[in-house]
Amino acid sequence: MKPLQAPLQAPLLLTRGAFVAYACLPAYPFLAWWNVTHFNTFAGTFAAYACVHINRPGLFWDVPRLLTSRTSPLSVVPTPHLLRMLPWFAHFLRNCRPERVEASSVALGSILARAEAAYNGVWEAAGVHVDDTMGRFAGSSSAAALPYAARHGYLLLQKTPDMMNASQSAAATRRQCVPGLRMEALTTAEVLELEPNLSPQAVGGGSWFFPDGWFLREPGALLRALSSGFETAGGEIRYSARATALQPNHDSVTIELDGGLDSLVVDQVVVACGAHSAVLARSVGDWVPLDTERGYHVEWKQGSEAVFTRAVCDPSQGYISSPMSGGLRSAGLVELGGTHAGPTPARCDQLEEATLNMMNPYAAAALGPRVKTADWLGFRPTMPDALPVIGRSPRVSRVIYAFGHQHVGWTLGGITGQLVTELIDGRKPSVDLQPFRPDRFSLGALL
Ligand SMILES: Cc1cc2nc3c(=O)[nH]c(=O)nc-3n(C[C@H](O)[C@H](O)[C@H](O)COP(=O)(O)OP(=O)(O)OC[C@H]3O[C@@H](n4cnc5c(N)ncnc54)[C@H](O)[C@@H]3O)c2cc1C
């Protein structure tokens, strides 16, 4: 393996499939994933406004309604995994108390506010910028001339004036916790001027508009470009290498791999395996109540993206429609039930129906049938307080954790990479990592 090139150290520890089971320093860079196409999924939005998370006071009393409504964003898969989730549920409820919700928003805001600037190190290291055209990395020739980023702002739709009123306190939290965030309230007429294909009923209460919001037209194209930049600069990527356990030694860590591959002995290891990270943490004796919020996406054929100019979100039904270069995509919903249960087809039908209802009848009719082969289930890695885990293992300091980024893993990839780099280099982290420490939860605290 080649030695790690200095400029490509951990800034390239992006999340969302781009990375990385682990980066090994100082001598052996190593990047592994299972499925490259994985990253071409999800809504693609750069969600710097997302400091308002799913924990909230009173949520417990809403659960029966949420679990029985046909259009609810929340559902569960009846699987034995729900029993294993009990510690997660218990910690989650504790983190619905007003002071905990506020503390999480403040902590999330501290990294969201730095999220976009932190990606500059990534662009520089990989020799690609998100405002460049996709060129040879695009999935189709028609998309090659388009930039990776579609910068037209972002709309958070409000169906009724009551919903708009109810969203005021969340808006205040966003303004307070993400310094510099620009957002404005639009009337129904103003929203329809921006997106004429929306149905007036979908925006009866107007919308919040984030003028600096943007999304990735084709996440897979960016992943290919970043991977290429990483390799060009001397990094090495190993595909289909799954880590099964970490074994601490006196002056190194051994990474056990499956599939008959030789284990690796490394100086330091970064565990960034999304919802699958807890197993590796457990192998060095750390317990983290990490679970998953399962989410889905559905797509329409290429050309359908013309229906919208920007990503639009219906928070009441928990999904975002993004006009990707390959066609319109609607992504979202929260389904609890772990990573082993198969997809629930009804969730994809629900996303389709909601998307069609969001549009005026002409636009909905022009969309055509959804491309069912593109239906997708993904696993958001989520801790009970909605905060990621970023920091050294309390038991084995050569192990660094970077997982649990819930709904905003792509958004927080750059800042997470930056913070991990700082830890690896032995520098003082540029953000207070206390709220993100791996040992902030314990089973004992529930007793
Ligand atoms: C429907 C949906 C829409 C979303 N929309 C957005 C959005 O618009 N904006 C946003 O910022 N975020 C969004 N997210 C959230 C985002 O996708 C996650 O936060 C992000 O994927 C987490 O990144 P990660 O790298 O930690 O985990 P993952 O993306 O799951 O990646 C982990 C990687 O590690 C690999 N891996 C796992 N275990 C091992 C192992 N043992 N050995 C080796 N490799 C391993 C996996 O194969 C995978 O490649 C969305 C999520 C969903 C489900």
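Each reported figure results from applying straightforward, stated rules to the coordinates on display, with no laboratory input. Predicted model, so just to flag it, every value in this text is computed and none were measured. Glycine also receives a Cβ, built like all others from the backbone with ideal geometry; neighbour counts cover every protein chain displayed.
Sequence-ordered 3J(HN,Hα) estimates for the range 410-417 from the Karplus curve with 6.51, -1.76 and 1.60 and θ = phi - 60° stand at 5, 4, 8, x, x, 5, 5, x Hz, glycine and proline given as x. The order of Cys348, Cys273, Cys96, going from fewest to most other C-beta atoms within 10 Å of their C-beta, is Cys96, Cys348, Cys273.
Output the Kirkwood hydrodynamic radius of the range 295-447, Cα pairs only, in Å rounded to one decimal.
Values: mean 1/r = 0.0555 Å⁻¹.
Here the Kirkwood hydrodynamic radius works out to 18.0 Å.
Using a simple charge model, +1 on the beta-carbon of Lys and Arg, -1 on the beta-carbon of Asp and Glu, nothing else, what dipole does the range 253-343 show about its Cα centre, in debye to the nearest 20? Please report the intermediate quantities before stating the final value.
Details: 5 positive and 11 negative charges, 88 e Å.
Charge dipole, the range 253-343, about its Cα centre: 420 debye, nearest 20.
Across the range 123-153, the residues whose backbone nitrogen lies under 15 Å from the label position 7 Å along the beta-carbon direction of Thr232 are 123-138.
Using a cut-off of 10 Å between beta-carbons, work out the net charge of the residues near Ile415 (Lys and Arg +1, Asp and Glu -1, Ile415 not included). Walk me through the intermediate numbers first.
Values: positive: Arg114; negative: Glu116.
Result for the local shell: 0.
Counted by Cβ distance under 11 Å from Val270, the other residues give a net charge of +2, where Lys and Arg count +1 and Asp and Glu count -1. Write down the Kirkwood hydrodynamic radius of the chain, to one decimal in angstroms, obtained as one divided by the mean of 1/r over all alpha carbon pairs. After inverting the mean inverse Cα-Cα distance, the result is 22.3 Å. Rounded to the nearest 10 degrees, the inclination of helix 98-126 to the longest alpha-carbon principal axis of the chain is 70 degrees.
Residue-wise HN-Hα couplings along the range 85-95, as the Karplus relation 6.51 cos²θ - 1.76 cosθ + 1.60 with θ = phi - 60° gives them from phi, are 7, 3, x, 4, 4, 4, 5, 4, 4, 4, 8 Hz; Gly and Pro carry x. Measure out, as a whole number of angstrom, how far apart the alpha-carbon centroids of the range 230-264 and the range 316-358 sit. Each part reduced to its Cα centre gives a spacing of 34 Å.
Summed over qualifying helices (DSSP H, 4 residues or more, each -39500 (n - 2.57)) and divided by its residue number, the chain shows a 222 nm mean residue ellipticity of -9000 deg cm²/dmol. Distance from the alpha carbon centroid of the range 169-220 to that of the range 76-128 works out to 22 angstrom. Remark: C-alpha extents of the range 337-418 on the principal axes read 58, 28, 23 Å, sorted largest to smallest.
Let me know the charge dipole size of the range 349-412 about its Cα centre in debye, to the nearest 20, where only the beta-carbon of Lys, Arg (+1) and Asp, Glu (-1) is charged. Kindly include the intermediate steps, with their values, before the conclusion.
Working: 6 positive and 5 negative charges, 110 e Å.
Charge dipole of the range 349-412: 520 debye, to the nearest 20.
Given C-alpha coordinates of the range 69-180, what is the ratio Rg to Rh with the Kirkwood estimate of Rh? Write down the numbers at each step before the final one.
Numbers: Rg = 20.2 Å, Rh = 18.8 Å.
That ratio equals 1.08.
With K and R counted +1 and D and E -1, the other residues having a Cβ less than 14 Å from that of Ala225 yield a net charge of -2.
Per residue Cα convex hull volume for the range 147-189, in cubic angstrom? Write out the running numbers ahead of the final one.
Values: hull volume 4.2 nm³, N = 43.
Output value, Cα hull per residue: 97 Å³.
Nothing charged except the Cβ atoms of Lys and Arg (+1) and of Asp and Glu (-1): what's the magnitude of the dipole of the range 97-142 about its Cα centre? Round to the nearest 20 debye. Could the numbers behind the result be given before it?
On the way: 4 positive and 6 negative charges, 38 e Å.
Result for the range 97-142 is approximately 180 debye, rounded to the nearest 20.
Highest GNM mean-square fluctuation among Gly260, Gly378, Gly368, for the chain modelled with Cα contacts below 10 Å: Gly260. The calculated P(r) of the range 284-367, using every Cα pair and 10 Å bins from 0, goes 17, 44, 24, 11, 4, 1 in percent. Of the residues Val101, Ser141, Pro57, the one whose Cα sits farthest towards the positive end of the charge dipole of the range 54-149 is Pro57 (charges of +1 on Lys and Arg Cβ, -1 on Asp and Glu Cβ, taken about the Cα centre).
From the square roots a ≥ b ≥ c of the eigenvalues of the alpha-carbon gyration tensor of the range 171-284, which class results: rounded (a/c under 1.5), prolate (a/b over b/c), or oblate?
Values: a/c = 3.15, a/b = 2.48, b/c = 1.27.
Note, shape of the range 171-284 comes out prolate.
Residues whose amide H lies under 5 Å from that of Val389, counting only those 5 or more places away or on a different chain, are Phe403, Gly404; hydrogens are built 1.01 Å from N in the peptide plane.
Within the P(r) computed for the range 236-345, what percentage of the Cα pairs occupies the region above 23 Å? Walk me through the numbers on the way to the answer.
On the way: 3153 of 5995 pairs.
Everything past 23 Å amounts to 53 percent.
Annotation: aspartates and glutamates with alpha-carbon distance below 20 angstrom to Lys159 (same-chain offsets under eight excluded): Asp62, Glu184, Glu190, Glu193, Glu195, Asp314, Glu352, Glu353. Mean-square fluctuations from a GNM of the chain, with a 10 angstrom spring cutoff on Cα atoms, peak among Pro73, Pro64, Pro384 at Pro64. Helix 168-177 and the longest principal axis of the Cα set of the chain meet at an angle near 30°.
For the range 290-306, the Karplus equation 6.51 cos²θ - 1.76 cosθ + 1.60, evaluated at θ = phi - 60°, returns couplings of 8, 9, 10, 9, 5, x, 10, 9, 10, 9, 10, 5, 4, x, 5, 5, 5 Hz by residue, with Gly and Pro reported as x.
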